[in-house]
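Beneath this line is the structure, given in structure tokens, with notes to follow.
Values in this text are rule-based calculations from the coordinates and carry no lab data. Everything numeric here is computed off the predicted structure, so don't read it as measured data. Every residue, glycine among them, receives a Cβ derived from its backbone with ideal geometry; neighbour counts consider all protein chains shown.
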Amino acid sequence: MKTLLEKYEYIKEYYDIVSPILNSEEFQKRKQWRHHGDTTLYEHCIKVSYLAYRMSLKFKMDSKSVAIGGLLHDFYYKPWMENIEKKPLLKKHGFVHAKEARDNSYNYFNEYMNPIIDNIILRHMFPLNIIPPKYKEAWLVNLADKIASLDFIEKESLAKTFGIYKKGK
Ligand SMILES: [Fe+2]
Ligand SMILES: [Fe+2]
């Protein structure tokens, strides 16, 4: 039986783009880093990258930059769960990790970087980080990140949030 990689040309193309980064020692460490819920950072980044890549094929976009930018959008230095020291609001993870991920991407994967990928990573936290993305590719990854991040909300808490969950039912 054919594997998915052999069966679908776009999966092979996607894998060819991301595999050098994906299989690097540094990126593999993210398999041990928790993102939200029981999702690892490794899984989250692949999800965002692949989702955005698939969407980018439907529009005229730089799909290669989308795939790489998506993969590296949360490539910050250390697991955010380890940030236990008290910090002022604007120094907290949500506000600083996009820049950290961008800088770290240049450290490890400089040869893959370009202005679009830079912008994808740096602006993926808009609107929490107030400067919006500059390129359509960066808007797409921003959206894919929001969609992928909805995963960690369990159905029950979602229902509670919207007031439709009744205890005991
Ligand atoms: Fe992020
Ligand atoms: Fe993310």
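What does the extension gain come out to for E43 and E85, with contour length at 0.36 nm per residue minus their alpha carbon separation?
Result for the pair: 12.5 nm of gain on full extension.
If the elastic network links every pair of Cα atoms under 10 Å, which of I131, I117, I21 fluctuates the most in the Gaussian network model of the chain?
I131
Convert each backbone phi in segment 30-35 into a coupling constant with the Karplus relation 6.51 cos²θ - 1.76 cosθ + 1.60 (shift: θ = phi - 60°), then list the ³J(HN,Hα) values in order as whole Hz, x for Gly and Pro.
The phi angles translate into 5, 5, 9, 9, 7, 9 Hz.
Only helical DSSP H runs with n ≥ 4 go in: add -39500 (n - 2.57) per run for the chain, normalise by residue count and round the 222 nm mean residue ellipticity to 500 deg cm²/dmol.
-17000 deg cm²/dmol
Under 5 Å between amide hydrogens, which residues at least 5 positions from H35 or on another chain qualify, with H placed 1.01 Å from N in the peptide plane?
Those lying under 5 Å, H to H, from H35 are T40, L41.
Using a cut-off of 19 Å between alpha-carbon atoms, which aspartates and glutamates can reach K29, once sequence neighbours fewer than 8 places away in the same chain are excluded?
Correct list for K29: D38, E43, D74, E82, E100, D103.
With the crude spin-label approximation of a point 7 Å out along Cα→Cβ, what separation in nm comes out for E9 versus L150?
3.1 nm
Using a Gaussian network model on the chain with a 10 Å cutoff between Cα atoms, which of D38, D145, D103 fluctuates the most?
In this elastic network of the chain, the residue with the biggest mean-square fluctuation among D38, D145, D103 is D38.
Test of understanding: what is the full-extension gain from H93 to K134, defined as 0.36 nm times their sequence separation minus their Cα-Cα distance?
So the chain would gain 12.5 nm between H93 and K134.
Answer rounded, prolate or oblate for the chain, using the Cα gyration tensor with square roots of eigenvalues a ≥ b ≥ c: rounded when a/c is under 1.5, else prolate when a/b is larger than b/c, else oblate.
oblate
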